[in-house]
Amino acid sequence: MANLFYAMTMPGLETLAFSEIRAKLSGAELVKFMRGVALFRSPMIYEDILDLRTTEDVFASLVHIKGLRRGPEGLRVLHSATLNADLEAALMSWRRTHHGARPRTWRVVSQMTGSYDFRRMDGGKAISDALRRSLPRGMRLVEDDADLEVWLWLGSGDVLIGVRLSDASMRHRTYKREHLPASLRPTVAAAMGWLSRPDEHDIVLDPLCGAGTILIERALLGPVEDAIGGDIRDEAVSLARRNARAADVDATWKVWDARTLPLSASSVTRIITNLPFGKQIGTKEENEQLYTTLIQEFDRVLAPKGLMVSLTSEDRLWDTILREHDWRIIKKVVFVVLGQPASIFVTERS
């Protein structure tokens, strides 16, 4: 019998995250997409479910409710559904992903994105009251640092209750010890790497590498022939080197100006990069000239049939510049990062 799981992602990256799930977990079948969530069935419990790189958190599902009543009676539904859920199967999944350990402490985490006539904490209390009756004896309820976390997610049209199989390292990564302003979330960097159609013969370039997250995540997705990153800031290149060393990733890092790259024509097969948004780095006024200069240099160094994956919040500007310079947009993924919309463009030269 298939087990029910769900993956939490950056809002807008749900379909992309599920494409990785389907590729890595044989037999995984989609149940439903929700905002920032992919609900799916898998015929087995996989220890390597925690190796998903485009997912922020992954859960063994206890309850999925469609159209929960928004009034106080909804709390009774939450309590009853939790009380009657198959907790044993979810606990088995937790133990499998924690090398057979048995949890000694537990807590409930509540999230609310929809509008209800009760508070988020009231929903959490309804879950906690039910779990007190159904969890194994001897497990203690604690406020923080619990072994077992049961999450309540109250969306606009759906409710999910699940046992968290992952921990903070899934979204934050243990290698990322050094950060910069506007540094990219590792899951977004992994999503960009996934969109680049990874191949072991890739020669991958990030000309605006920052702390190195994009190249590191691409290398962790699969083998590359070469990985090259650079930035105009000495500090950024130093941080990228240290992060790559911590991730055990082999890459070449250089200080350069991305507008005049010290690379031969047609020397890379993939460009994956996070363009300045014009907020923490640069300005909107500067971006028009910068983007125009960059696309000319990217056109020079990218090999025929090469692919570029780029991220920006300057959606219209970048779209216009790409088309004016005869680049074909294969795919565009719009999502939310740091509370603002951004777009990942997958492009090739016409």
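Just so it is clear, none of the values below were taken in a lab; they were calculated from the coordinates. Everything numeric in this text was worked out from a predicted model, so none of it was measured. Positions of Cβ are generated from backbone atoms using ideal geometry, with glycine treated the same way; all protein chains shown enter the neighbour counts.
Under a crude label model (7 Å from the Cα following the beta-carbon direction), how far is Val255 from His98 in nanometres?
4.7 nm
Hey, got the Cα dimensions of the stretch 1-95 along the principal axes, in Å, largest first?
On the principal axes, the stretch 1-95 reaches 40, 30, 19 Å in Cα extent.
What's the exposure ranking of Trp153, Trp256, going from fewest to most Cβ atoms within 10 Å?
If I rank by nearby Cβ atoms, fewest first, I get Trp256, Trp153.
Counting DSSP beta bridges in the chain, what percent are antiparallel, to the nearest 5?
65 percent
Between Ser26 and Val77, what is the label-to-label distance in nm when each label sits 7 Å out along the Cα-to-Cβ direction?
Calculated label separation equals 3.9 nm.
Counting other beta carbons within 10 Å of each Cβ, put Ile21, Ile214, Ile161, Ile203 in order, fewest first.
Fewest to most other Cβ atoms nearby, the residues stand as Ile203, Ile21, Ile161, Ile214.
Projecting each Cα onto the charge dipole of the chain (Lys/Arg +1, Asp/Glu -1 at the beta carbon, about the Cα centre), which of Leu195, Ala90, Thr55 comes out farthest on the positive side?
Of the listed residues, the answer is Ala90.
Relative contact order for the chain: what is it in percent, counting Cα pairs under 8 Å that are at least 6 residues apart?
For the chain, the relative contact order is 13 percent.
How big is the equivalent ellipsoid of the stretch 78-146 along its three axes, where each semi-axis is √(5λ) from the Cα gyration tensor, reported in whole Å from largest to smallest?
With the √(5λ) rule applied to the stretch 78-146, the semi-axes are 23, 13, 12 Å.
Can you compute the FRET efficiency between Glu88 and Val336 using 1/(1 + (r/R0)^6), with r the Cβ-Cβ distance and R0 = 41 Å? Round to the nearest 0.05.
0.70
With springs only between Cα atoms under 10 Å, which of Ala146, Ala219, Ala191 fluctuates most in a Gaussian network model of the chain?
Looking only at Ala146, Ala219, Ala191, the largest GNM fluctuation is found for Ala146.
Counting other beta carbons within 10 Å of each Cβ, put His201, His98, His179, His79 in order, fewest first.
His201, His179, His98, His79
Cα atoms only, the chain: Rg and Dmax in Å?
22.3, 67
Using 7 Å Cα-to-Cβ label points, what is the His172/Arg323 separation (nm, one decimal)?
Those two pseudo-labels are separated by 4.2 nm.
For the stretch 173-349, what class follows from the C-alpha gyration tensor (a ≥ b ≥ c being the square roots of its eigenvalues): rounded when a/c is under 1.5, otherwise prolate if a/b is larger than b/c, else oblate?
Because its axes are fairly even, with a/c under 1.5, the stretch 173-349 counts as rounded.
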